[in-house]
1. Which net charge results for the neighbourhood of His51, defined as the other residues with beta-carbon distances under 12 angstrom from its beta-carbon, given Lys and Arg at +1 and Asp and Glu at -1?
2. Compute the accessible area per residue over region 37-143, keeping the other protein chains in place, probe 1.4 Å, unit Å².
3. Over all directions, average the projected area of the Cα convex hull of region 25-143 and note it in nm².
4. State the percentage of accessible surface on region 62-120 attributable to carbon and sulfur atoms; use a 1.4 Å probe and exclude ligands, DNA and RNA.
Amino acid sequence: MLAPLVIVVGGYFLVGEAVYYWKENIHHYEAGVAAQLSALHRLEENYRKEHGAYAASFAELGVPLGAKLDGDALIWDGPYRFRIINIVRGKADTTQDYQIEARPDQFSVRTRRSFLMDSDGYIHFTVANRKATFSDPAIPPDM
């Protein structure tokens with residue numbers, strides 16, 4: 001009679017330890033990506049206020065602390081690549097509109113969302129293994 005009780009209690013603690021380990025040690029990159037996109041939106045807005053137009057590349061915008069450039073992609077503390085895409089040019093070849101996409105290097109359980117942010121700061125996302133589009137659900141700007 002005591003053995004089943006010990007097994008149940010032991011199993012309870014093992015499950016608790018597993019959940020604790022998962023919450024504390026497994027990276028939850030997707031929440032970080034949304035925050036990083038919001039930070040990039042603020043950088044673009046500050047750039048526009050100073051220069052009268054948006055930056056067309058991360059080299060022009062500046063690389064945030066902890067990030068690095070890999071060609072036209074920004075890699076920032078995780079398995080996602082950020083790219084400035086769909087640039088709309090205006091007078092004097094200035095950037096009037098842009099979008100930033102964030103795609104995982106590899107589609108997996110921990111990185112199964114793709115993101116698309118517009119110049120208004122709305123972040124669209126999908127759990128499908130494809131690029132996000134404006135018809136996907138959106139997170140409003142955090143400003």
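The values are calculated or read from the model by the stated rules, or taken from the named source; none is laboratory data. Source: prediction; values computed, not measured. A quick note on method: Cβ atoms are made from the backbone with ideal geometry, for glycine too, and the neighbour counts reach across all protein chains shown. The area values use the complete protein model at the heavy-atom level, side chains included, leaving out ligands, DNA and RNA. Shrake-Rupley method; radii C 1.70, N 1.55, O 1.52, S 1.80 Å.
1. -2
2. On the way: 5930 Å² over 107 residues.
Counting only protein heavy atoms, the per-residue value for region 37-143 is 55 Å².
3. Numbers: hull surface 30.7 nm².
For the Cα atoms of region 25-143, the hull's average projected area reads 7.7 nm².
4. Details: 1510 of 3270 Å².
After summing per-atom areas, the C and S share lands at 46 percent.
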